1. Would the stretch 179-186 turn up any residue that is assigned to a helix (DSSP H, G or I), of a type outside the set (K, R) and without any contact (Cβ under 8 Å) to a residue 12 or more places away in the chain?
2. Return the total of residues in the stretch 222-235 being touching a strand residue (DSSP E or B) at 6+ places or on another chain (Cβ under 9 Å) and over 18 Å from N193 (Cα atoms).
3. Among the residues of the stretch 198-225 satisfying the criterion of being modelled with pLDDT of 95 or more, surrounded by fewer than 21 Cβ atoms within 10 Å (Cβ to Cβ) and polar (S, T, N, Q), which is nearest to L120 (Cα to Cα)?
4. Which one of the conditions (1) within 26 Å of S96 (Cβ to Cβ); (2) at pLDDT 95 or above does W158 fail to meet, given that it meets all the rest?
5. Are any residues in the stretch 1-13 without any contact (Cβ under 8 Å) to a residue 60 or more places away in the chain and either in a strand (DSSP E or B) or surrounded by 10 or more Cβ atoms within 10 Å (Cβ to Cβ) (or both), and if so, which ones?
6. Just the residues that are farther than 21 Å from L120 by Cβ and either surrounded by 14 or more Cβ atoms within 10 Å (Cβ to Cβ) or touching a Leu at 6+ places or on another chain (Cβ under 6 Å) (or both), please, taken from the stretch 153-168.
7. Quickly run through the stretch 185-197 and pick out the residues that are open to solvent by 40 Å² or more (accessible area, probe 1.4 Å), within 19 Å of L144 (Cα to Cα) and not charged (D, E, K, R).
Amino acid sequence: MQIEDLDVEAIAFDAGIQVVYEDMTGCEATLVGVGNQAIATINPSKYLGRVRFSIAHELGHWKLHRGRSFRCRVDQVENNFASAGELEKEADTFASHLLMPRRMFNDAIQPFGRPNFKQLGDVAAAFQTSLTATALRLVGVDTLPVIIACYTQKGLRWHSGAKHVPRRWYLKQHVDEDSFAYDLLFSGKECRNLGKQSADTWFTNDDAGRYEVLEQCVPIRGDEVLVLLYLIDTK
């Protein structure tokens, strides 16, 4: 199967969901179901990736949380991730697995080694998903020692690390002045490639200064930056 064969609307239809499109305010998608049939109402968008993720997200609710109705703001995966709404996170995870199957995703990222945000953007374009959703899928497939985090000037908003990253690595609550993320947040200076940093720039554990990390960051919304961190030789 090829990436272009992932017709999420057809998959939803096969699961008993009729997809309709209607302009809405306050949410990007709703799901109402009775018995084995449901209607997913999707807010139209010029961004196909947003529409596809919305459909997959509602399909996740239908598969995992049947018997409930939902009004979802799925255009902002990072907002769901930062919230306490476990059902929304579960639906996002389902959507990520559906739209970026593990084997296909790993085949897409393998040529890059440790992909930077530009390369992750290319992968996102191929799968028709957002950069944030694609970066979180990189964490989820757990093939690299990678951490994704979101910071504002006020501090850490959310983060996610690959399962095999040692649990003793604790992120700082605020960006360090030596980090590229600090430069982006407070001076607007972008980092276009992965760059080396001492690990104690990002982590609080006592021995962090003995190690290095690779860091890159990009602005994502308002005053938020998305940070990509790879641990290097931290065993």
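The values are calculated or read from the model by the stated rules, or taken from the named source; none is laboratory data. Since we're looking at a predicted model, the values are computed, not measured. Ideal geometry is used to build each Cβ from the backbone, glycine not excepted, and the neighbour counts take in all protein chains shown. Only protein heavy atoms, including side chains, enter the accessible area calculation; ligands, DNA and RNA are left aside. Shrake-Rupley method; radii C 1.70, N 1.55, O 1.52, S 1.80 Å.
1. Yes.
2. The qualifying residues number 5.
3. Residue satisfying both the conditions and the ranking: S198.
4. (2)
5. Of all residues in the stretch 1-13, those without any contact (Cβ under 8 Å) to a residue 60 or more places away in the chain come to 2, 4-5, 7, 9-10, 12-13.
Selection gives D7, E9, A10, A12, F13.
6. Q153
7. N193, L194
So that you can scan it fast, the table gives a plain yes or no per residue for (1) over 13 Å from the mean Cα position of the chain (by Cα); (2) closer than 30 Å to D5 by Cα:
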| site | (1), (2) |
| --- | --- |
| D122 | yes, yes |
| L131 | no, yes |
| T152 | yes, no |
| A181 | yes, no |
| G188 | yes, no |
| F203 | yes, no |
| V213 | yes, no |
